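What follows is a single structure, written as structure tokens, with notes after it.
The values are calculated or read from the model by the stated rules, or taken from the named source; none is laboratory data. Predicted model only: the values in this text are computed from it and were never measured. Glycine also receives a Cβ, built like all others from the backbone with ideal geometry; neighbour counts cover every protein chain displayed. What goes into the accessible areas is simple: the full protein's heavy atoms, side chains included, and nothing from ligands, DNA or RNA. Shrake-Rupley method; radii C 1.70, N 1.55, O 1.52, S 1.80 Å.
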Amino acid sequence: MERASECCRGSVPLVLSGNQHCQSLERKMTLQRACERGDGQNLVTEDVTVVEGDVATISCRVKNSDDSVIQLLNPNRQTIYFRDFRPLKDSRFQLVNFSNSELRVSLTNVSISDEGRYFCQLYTDPPQEIYTTITVLVPPRNLVIDIQKEIAVEGEEIELNCTAMASRPATTIRWFKGNKELTGKSEVEQWSDMYTVTSQLLLKVGREDDGVPVICLVDHPAVKDLQTQRYLEVMYKPQVRVSQNYPVQGLTREGEPLELSCAAFGKPQPTDMRWLRVDDEMPQHVVVSGSNLLISNLNKTDNGTYRCEASNAVGKSHADYMLFVYDSRAGEEGAIRSVDHAVVGGVVAVVVFAMLCLLIILGRYFARHKGTYFTHEAKGADDAADADTAIINAEGGQNNSEEKKEYFI
């Protein structure tokens, strides 16, 4: 922020080199009265924000230079630079630029003790003074996640704490589980000018959280991308799945074999797996080999529910398979029925096609004979001498009435 010049509120010190001494009391009073009048607004500067250990640059600039003396003082009102001369024996201050219009000074390896107001003075008549503020930022010294339980069991609620130590200003802590942001509860403790922030996160874990990172991320103006993480380790009871190896997606029929397999996954990995028949004893001809169950010759007495159980240190789980044994010809009868339906459909199609052909032939036959009937009915009309005779000839009189017969089929 650029700051316009403002007058001092105490005596105006003037540091001179060699054998020169400070101004007389009368001169000081004159300068103070000039400050109180607010005359002159010729100095400009900006506030400086710097990270601890970095370099801060202070600039005292004159908008309209008249060759007046420029001086820079520290917060204790000790002269750092008078023109291009450095009375203060602190080698961290170095002259960057000096001219009639600017005095620019750098301060290396900035620490908290360097924070405060630095004064630019311009010896005009009346004199002018302006201050710039150096603010020192301190990133967290350390970032640590503490977890209540190194190994959790699914369904448990665990507590995680993330601590950002000795920062300035106080940090903001954000939590993430994978890519999902979570909400924690933060507490701030102040030690002198430094702040320690602790954020607490309560998290109910499930099997899907095993191996997922929980991230503690810091928002602070002095540092970017500062984070730490811990991977969750969650124990959970087995997940069990039963699959039919043979017959593959086919009917389980009498006299044929059946093979089932059982797979179980958990943390820790299940060590105990067994097959049983629900609500009944396992048939004697059933062979169990590890995670597989085999029935070499199915019969209807094998009908029932077969269960695979698996357990680990967390708990026990199971999966069921319901067996129904069909007749040995169950699939064949279905195939015969499908063939019969195809034959009947073909016969019906042939019959319909034959009837359509017959209808077309009969239609053409009737159309031809109907034309001949009308032609004979008008026979003799062309040779008549007059209209009455033509009508009589066309009708054919009573003599031809027996010859006109219609046949219908």
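Table for the structure above
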{"read-out": "Matching strands (runs of 3 or more DSSP E) fully within region 268-322 where at least 3 residues are farther than 16 Å from T252 by Cβ and open to solvent by less than 50 Å² (accessible area, probe 1.4 Å)", "value": "304-311"}
{"read-out": "Single residue of region 240-263 satisfying the filter (more than 18 Å from D302 (Cα to Cα) and assigned to a loop (DSSP other than H, G, I, E, B)) that is modelled with the lowest pLDDT", "value": "Q249"}
{"read-out": "Residues of region 200-230 satisfying the condition of being of a type in the set (D, E) and outside any strand (DSSP E or B)", "value": "E208, D209, D210"}
{"read-out": "Count of residues meeting criterion [open to solvent by less than 50 Å² (accessible area, probe 1.4 Å), under 17 Å from Q148 (Cβ atoms), among the aliphatic types (A, V, I, L, M) and over 21 Å from the mean Cα position of the chain (by Cα)] in region 199-226", "value": "0"}
{"read-out": "So D210, is it touching a Lys or Arg at 6+ places or on another chain (Cβ under 7 Å) and modelled with pLDDT under 95", "value": "no"}
{"read-out": "First in region 164-181 and open to solvent by 60 Å² or more (accessible area, probe 1.4 Å), second anywhere and at pLDDT 95 or above and of a type in the set (V, I, T), Cβ under 6 Å, 6 or more apart", "value": "M165/T196"}
{"read-out": "Any hit, region 127-143, residues being buried (at least 19 other Cβ atoms within 10 Å of the Cβ), assigned to a loop (DSSP other than H, G, I, E, B), at pLDDT below 95 and touching a helix residue (DSSP H, G or I) at 6+ places or on another chain (Cβ under 8 Å)", "value": "yes"}
{"read-out": "Residue in region 74-85 that is open to solvent by less than 20 Å² (accessible area, probe 1.4 Å), hydroxyl-bearing (S, T, Y), within 30 Å of R168 (Cα to Cα) and at pLDDT 90 or above present", "value": "yes"}
{"read-out": "Neighbours by Cβ (under 9 Å, 6+ apart or cross-chain): first from region 316-334, among the polar types (S, T, N, Q); second open to solvent by 80 Å² or more (accessible area, probe 1.4 Å) and modelled with pLDDT of 95 or more", "value": "S317/K237; S317/Q239"}
{"read-out": "Test result for Q249, surrounded by fewer than 17 Cβ atoms within 10 Å (Cβ to Cβ) and either over 30 Å from S328 (Cα atoms) or without any contact (Cβ under 8 Å) to a residue 40 or more places away in the chain (or both)", "value": "yes"}
{"read-out": "Given (1) open to solvent by less than 80 Å² (accessible area, probe 1.4 Å); (2) over 17 Å from G116 (Cα atoms), index of the condition S59 fails", "value": "(2)"}
{"read-out": "Output for region 104-126, where each listed residue is out of contact with any Pro (no Cβ under 9 Å at 6 or more places or on another chain), of a type outside the set (S, T, N, Q), open to solvent by 50 Å² or more (accessible area, probe 1.4 Å) and more than 12 Å from C60 (Cα to Cα)", "value": "D125"}
{"read-out": "Options G184, G155: the member that is out of contact with any Asp or Glu (no Cβ under 6 Å at 6 or more places or on another chain), open to solvent by 40 Å² or more (accessible area, probe 1.4 Å) and of a type outside the set (A, V, I, L, M)", "value": "G155"}
{"read-out": "From D90, D66, residue being without any contact (Cβ under 8 Å) to a residue 40 or more places away in the chain and either part of a loop (DSSP other than H, G, I, E, B) or open to solvent by 50 Å² or more (accessible area, probe 1.4 Å) (or both)", "value": "D90"}
{"read-out": "Failed item in (1) touching a residue at least 60 places away in the same chain (Cβ under 8 Å); (2) of a type outside the set (A, V, I, L, M, F, W, C); (3) exposed (fewer than 14 other Cβ atoms within 10 Å of the Cβ); (4) not in a loop (DSSP other than H, G, I, E, B), with K237 passing the rest", "value": "(3)"}
{"read-out": "Condition check for S328: under 24 Å from S261 (Cα atoms), modelled with pLDDT under 90 and open to solvent by 60 Å² or more (accessible area, probe 1.4 Å)", "value": "yes"}
{"read-out": "Condition check for S101: open to solvent by 20 Å² or more (accessible area, probe 1.4 Å), of a type in the set (S, T, N, Q), more than 22 Å from D219 (Cβ to Cβ) and touching a residue at least 24 places away in the same chain (Cβ under 8 Å)", "value": "yes"}
